[in-house]
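The values are calculated or read from the model by the stated rules, or taken from the named source; none is laboratory data. On a predicted model such as this, the values are computed, not experimentally measured, just so you know. All Cβ positions, even for glycine, are placed from backbone atoms using ideal geometry, and neighbour counts span all protein chains on display. For the accessible areas, the whole protein counts, side chains as well, though only heavy atoms, and no ligand, DNA or RNA atoms are used. Shrake-Rupley method; radii C 1.70, N 1.55, O 1.52, S 1.80 Å.
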Amino acid sequence: MAPVSHSLSLSLLPFSKTLTLKPSLCAFPCRASSTPPPPPPAAESEGAGTAAPTRGEVFLEMQRSSAAADQIMKDYKRQEDYRERKKKRREKKLVRAKMASNVACCYGCGAPLQIEERDAPGFVEPETYELKKRHHQLKTVLCGRCRLLSHGHMITAVGGHGGYPGGKQFISAEELREKLSHLRHDKVLIVKLVDIVDFNGSFLSRVRDLAGGNPIIFVITKVDLLPRDTDLNCVGDWVVQAVVRKKLNVLSVHLTSSKSLVGITGVISAIQNEKKGRDVYILGSANVGKSAFISALLKTMAKNDPAAEAAQKYKPIQSAVPGTTLGPIQIEAFVASGKLYDTPGVHLHHRQAAVVHANDLPALAPQSRLKPRYYPVPTVNGLTRDANNGLNGCSLFWGGLVRIDVIKGPKTTRLTFYGPRRLQISTVPSNGADDFYQREVGLTLTPPTGKDGAETWPGLEAVRQLQIKYTKQNGPACDIAISGLGWISVEPFGLPAGEDYDDEEDTGELHLAVHVPKPVEVFMRPPLPVGKGAESWYQYAELSEKEEESRPKWFY
């Protein structure tokens with residue numbers, strides 16, 4: 001029998017439509033006694049059950065989901081980038097470790113050992129090389145160049161930008177700097193050395209390019225060369241103020257002497273506290289005293305550290321030649337984790353050492369404590385010679401490297417020279433200074449030394465005009481620092497307090513012209529407080545409690 005369909009029409013209000021209900025088809029015939037279909041469920045009362053989300057809530061939920069997905073992707077990408085960087089750093093370390101294990105280097109200068117070029121750094125006699133290699137003792141080999149350097153020979157091996165004449169050129173200053181480029185990517189501890197005699201010239205103004213964000217222990221070398229009766233409290237504060245202006249990540253400042261071992265113990269304590277398993281790199285400009293500092297470091301550490309005692313036998317070579325170290329030298333100085341590295345000096349073209357002949361380099365390095373040399377020269381009764389004119393109209397030659405013309409200024413002005421004693425200071429009238437220099441350069445005005453040196457000498461081509469205003473009568477007005485040489489203290493010696501400088505020829509302003517070789521830089525800086533009586537005029541910085549806490553502490 002065919003299924004029966006039923007149709008039900010409900011007539012609603014006149015304005016409503018007709019609703020037709022069609023029950024579902026049934027596969028079996030309906031019986032008369034079948035139970036009627038259950039009634040539809042009653043409508044829920046108002047407010048009962050789960051309320052359906054509004055369109056706004058749906059939109060907000062979609063936005064939150066999208067933001068969460070984006071954040072998950074960002075976190076994932078950040079983690080991937082971190083893993084990639086970590087992998088690259090690990091690969092670099094493996095490459096360096098592999099190179100270090102495969103290429104034996106001279107323990108004196110870090111140059112790879114070789115037997116092909118006799119005149120090149122790293123050369124070893126083939127018989128010696130094969131013998132040491134057979135017994136696995138290449139780490140104990142000193143190259144031929146280092147042997148000559150250890151006997152006082154001046155053999156240069158750096159050419160190009162900031163290079164030095166007088167020797168065969170094998171490596172450029174850029175290549176040496178490139179050997180330090182990995183430091184800014186690695187987690188290391190930097191020990192940065194600066195020469196107090198050449199503070200501005202050896203500071204490395206672009207040290208952040210090498211060190212990156214790594215912490216720095218700041219070490220001032222050669223404080224034993226400062227004049228007698230110098231108050232190191234003033235010097236330490238002066239250095240800290242200069243370091244703070246550079247805005248570096250400096251942990252502490254140490255005044256040291258590699259010769260007398262003063263301050264070395266404090267540096268060792270700082271290294272041990274801050275090393276935390278990292279490698280320690282000694283960083284500084286060429287000829288700043290890195291090798292001498294490492295020797296003093298090992299000597300002091302050897303008292304309590306057997307590793308440092310053993311490392312003393314094969315320590316880097318010390319020499320007056322900038323560019324002695326030609327590659328990173330690994331030193332097993334710590335019993336715990338982490339290595340000590342001597343690094344090639346950063347060659348700076350703006351220092352005097354970049355322009356003089358190799359044979360004249362020792363003349364630039366002070367060999368004993370600095371003694372101030374005053375001009376005009378004081379007499380026994382305390383007055384100055386030629387007090388009527390002072391230095392006006394005079395030219396002062398500092399060897400053949402610097403010429404200072406005193407154009408105009410107070411007659412009581414005094415210039416005090418701090419630098420190597422080998423350089424003679426000569427005073428002549430400015431109108432005859434050019435002839436005097438041409439006649440005496442290479443003879444009394446040295447360096448350059450000798451007729452041959454004078455013929456190839458480029459001369460004092462760079463001139464810097466300086467105007468120095470006197471704002472106080474007590475103490476120097478400023479220092480004029482010559483990069484790679486020393487400094488000149490400018491002071492209004494003997495000015496009466498409250499004197500009125502209305503005279504056009506005798507004002508409170510000093511006009512100078514400083515002549516130097518073309519690449520050499522001249523710095524004006526606050527006066528370095530050295531010598532007897534410096535503590536009476538030096539002014540300590542007035543700091544708030546917060547500034548005092550944030551400043552690095554200095555130690556001696």
**Message:** Quick check: with the 1.4 Å probe, what order do R403, R55, R64 take by accessible area, largest first?
**Reply:** R55, R64, R403
**Item:** Protection-proxy order for peptides 199-208, 68-77, each taking the mean of Cβ atoms within 10 Å per residue, highest first
**Value:** 199-208, 68-77
**Prompt:** Of the lysine pairs in the stretch 288-379, how many meet both conditions: Cα atoms under 26 Å apart, and a spacing of 8 or more in sequence or different chains?
**Reply:** 14
**Request:** Sort 302-308, 211-217 for me by packing, meaning the mean count of neighbouring Cβ atoms within 10 Å per residue, highest on top.
**Result:** 211-217, 302-308
**Fill in**
The answer for the stretch 233-321, accessible area per residue at 1.4 Å probe in Å², is 40 Å²
**Fill in**
Per the C-alpha gyration tensor (a ≥ b ≥ c, the square roots of its eigenvalues), the stretch 214-299 is rounded if a/c is under 1.5, else prolate if a/b beats b/c, else oblate; here it's oblate
**Asked** For the stretch 421-499, with every protein chain kept in place, what is the accessible area per residue (1.4 Å probe, Å²)?
**Response** 52 Å²
**Fill in**
Excluding residues fewer than 8 positions from K546 in its own chain, the lysines with Cα under 21 Å of it are K246, K247
**Fill in**
By the mean-Cβ-within-10 Å protection proxy, highest first, 481-490, 405-414 rank as 481-490, 405-414
**Request:** Considering only protein heavy atoms, with the full assembly of protein chains and a 1.4 angstrom probe, order R373, R147 by accessible area, largest first.
**Result:** R147, R373
**Message:** Can you tell me, using C-alpha contacts under 8 Å and at least 6 residues apart, the relative contact order of the stretch 285-428 as a whole percent?
**Reply:** 18 percent
**Item:** Dipole of the stretch 417-556, positive direction: furthest Cα of P527, V428, G484, with charges on the beta-carbon
**Value:** G484
**Prompt:** Ranked from the most accessible area to the least, with a 1.4 Å probe and all protein chains present, what is the order of S319, S65?
**Reply:** S65, S319
